[in-house]
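The structure under discussion appears below in the form of structure tokens.
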Amino acid sequence: MTAVLTTAADTAPDPTIRGSSLIAAAFGHRGNGDLRRAETVLEQAVGSPAELGVTVDLGHCVVVEPDGVRGALLAAAPHLLNVQVDDMRHTAHEHLPFGDGELDLSLALGTLGEIGYTGVAAVELPRHSYDAPGLAHRSMTAMTEAWAAWTAPDPTSSTTTASAPQEALR
């Protein structure tokens, strides 16, 4: 597998991406195991090259991760290269608009701030293509509000609860 990944990066049609990192998307789906199992399989297959990382889908964490979204992000932190953000209920793999599922978006974004994640956190829009512009706007509003809730100062403390600035959402 390492040879395949190396060949793909070195022979990419666009010369500006040759030699770039490749992201291996290790998602947990019901029946396929959790994030730790996916990381173990990747490490057994190719070792731990710096160019190989993990994508965490926050909605999938609600469905399959035994330690929830926070536990999954903490476990994935050393390998985390990409984050997909969507909401789900623990009972079904169905992508939902924020607020229609069980994802604690504020906790998820706060955990990303705590671990120092500065990469992409892309919203995965559910199957509501007829309302994509409206859903994108509502998703950005939900993410901004969730971040503000996480970073809101505790009236009994002189510090905030996250380490990354709010500008990380822009």
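Okay, here's what the table says:
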{"quantity": "Qualifying residue in the range 40-60 (condition: more than 25 Å from ALA148 (Cα to Cα), modelled with pLDDT of 90 or more, among the β-branched types (Val, Ile, Thr) and surrounded by fewer than 16 Cβ atoms within 10 Å (Cβ to Cβ))", "calculated": "no"}
{"quantity": "Every residue from the range 54-74 that is more than 14 Å from GLU102 (Cα to Cα), more than 12 Å from the chain's Cα centre (by Cα) and assigned to a helix (DSSP H, G or I)", "calculated": "GLY71"}
{"quantity": "Residues (buried (at least 19 other Cβ atoms within 10 Å of the Cβ) and over 14 Å from VAL120 (Cα atoms)) located in the range 80-92", "calculated": "ASP87, MET88"}
{"quantity": "Failed item in (1) closer than 18 Å to MET140 by Cα; (2) buried (at least 17 other Cβ atoms within 10 Å of the Cβ); (3) at pLDDT below 90; (4) not aliphatic (A, V, I, L, M), with GLY113 passing the rest", "calculated": "(3)"}
{"quantity": "Residues that are surrounded by 13 or more Cβ atoms within 10 Å (Cβ to Cβ), touching an Asp or Glu at 6+ places or on another chain (Cβ under 9 Å) and assigned to a loop (DSSP other than H, G, I, E, B), drawn from the range 116-142", "calculated": "GLU124, LEU125, PRO126"}
{"quantity": "Filter result for GLY134 (within 17 Å of VAL56 (Cβ to Cβ) and of a type outside the set (Lys, Arg))", "calculated": "no"}
{"quantity": "Test set (1) within 30 Å of THR151 (Cβ to Cβ); (2) small (Gly, Ala, Ser); (3) modelled with pLDDT under 90 - SER20 fails condition number", "calculated": "(1)"}
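The values are calculated or read from the model by the stated rules, or taken from the named source; none is laboratory data. Not measured: the values here are computed from a predicted model. FYI the Cβ positions are ideal-geometry reconstructions off the backbone, even for glycines, and counts take in every protein chain you see.
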